[in-house]
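Laboratory data are not the source of any read-out in this text; all were calculated from the coordinates shown. Being a predicted model, the structure only gives us computed values, none of them experimental. Here the Cβ is made from the backbone with ideal geometry for all residues, glycine too, and neighbour counts use every protein chain on show.
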Amino acid sequence: MKKQIIFITGASKGLGKALAKKFIEEGNTVYCGVRNTSAAPNGSYPVFLDLTIEVSLINAVNHIIKTSGKIDILIHNAGIAFVGPVDSMTLEESRRMFEVNFFAPFRLTQLFLPYFRKQRYGKILFVSSIRAIDSGAYIGLYSASKAALESIAFDWAVTLSRWNIIVSVVQPGPIDTGIELQTGHYFHDNNPYPPLENISLDLQPVDQVCEVIVEKLKAKELPFKFQTNIEGAKTANKHLIDPSWNEWCKAQKSFFKEEESNEIFQSL
């Protein structure tokens, strides 16, 4: 892959930072969208980015185009997750999660598209989650935000192809990404739902996920969707085998049986 101009959101930690470091090592020019510019990796070009503020998105795009003259790869990595019963979440919290996980990448893509179209090439990668197609108890709103993201990504994958703009979605499973995870006020004495306890997560190493993504972006053909390990591929295939979702729904409901109260979260 020739040297590229790359913009990565949420690049101050976790997967975003790992991707930035890898692309820098390979000689690319990497702009890192961060709220704290001092947290961007060495060798990158930090760009202040508040995903919830329109003018911040506009300024970031203008800065990158002004200094580099183009954009080759746009990676929407930033995300947040609130974990808890959906009816315990405030409307403000729900809107914030959609603002960061859906509306920000939606708007940022819109702002970059005139330049992608003018170039008549480019790649846009949305970092989604296997939970976009495999939701579960207490992560319904997070899953919804990622499912919405994948829906617009598919639209763009089709409509932007006439300009040779390639759009792709990666669906990692549970990884140590540094994503902002909050349980807040969702579990208390007056809440009818059982709390999250003894959660066992089989986390995929960040560097491993990073390697998969980098190799896919460097490949001659980039699939519309891809997972980062065998377990993720099996999960995606599970819903093709059982399109009714009956078995998955049954498994999720078992969480609320007292004797199996936390078992289901072993697969989150």
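Of the three principal axes defined by the Cα atoms of the chain, the extents in descending order read 59, 37, 31 Å. Its Cα gyration tensor gives segment 1-74 an equivalent ellipsoid. The semi-axes, each the square root of 5 times an eigenvalue, are 18, 15, 9 Å from largest down. Note on segment 41-83: Rg/Rh from Cα positions, Kirkwood definition for Rh, rounded to two decimals, is 1.01.
If the limit is 20 Å between Cα atoms, which of Lys13/Lys225; Lys3/Lys66; Lys17/Lys118; Lys66/Lys218 go over it? Write out the running numbers ahead of the final one.
Details: Lys13/Lys225 24 Å; Lys3/Lys66 18 Å; Lys17/Lys118 29 Å; Lys66/Lys218 25 Å.
Check vs 20 Å cut-off fails for Lys13/Lys225; Lys17/Lys118; Lys66/Lys218.
Counting only lysines at least 8 places from Lys250 when in the same chain, those with an alpha carbon closer than 22 Å to its own are Lys234, Lys238. Here the Gaussian network model covers the chain, with springs between Cα atoms less than 10 Å apart; of Val167, Val61, Val158, Val158 fluctuates the most. By the helix-only formula, in which each DSSP H run with n ≥ 4 contributes -39500 (n - 2.57) and the sum is divided by residues, the chain has a 222 nm mean residue ellipticity of -12500 deg cm²/dmol. Post the alpha-carbon centroid distance, segment 1-27 to segment 120-175, in whole angstrom. The two parts, judged by their Cα centres, are 19 Å apart.
Protection proxy ranking for 18-30, 73-85, using the average of other Cβ atoms within 10 Å per residue and placing the highest first: 73-85, 18-30. Please report the antiparallel percentage of DSSP beta bridges with both residues in the chain, rounded to the nearest 5. Here the antiparallel bridges make up roughly 0 percent for the chain.
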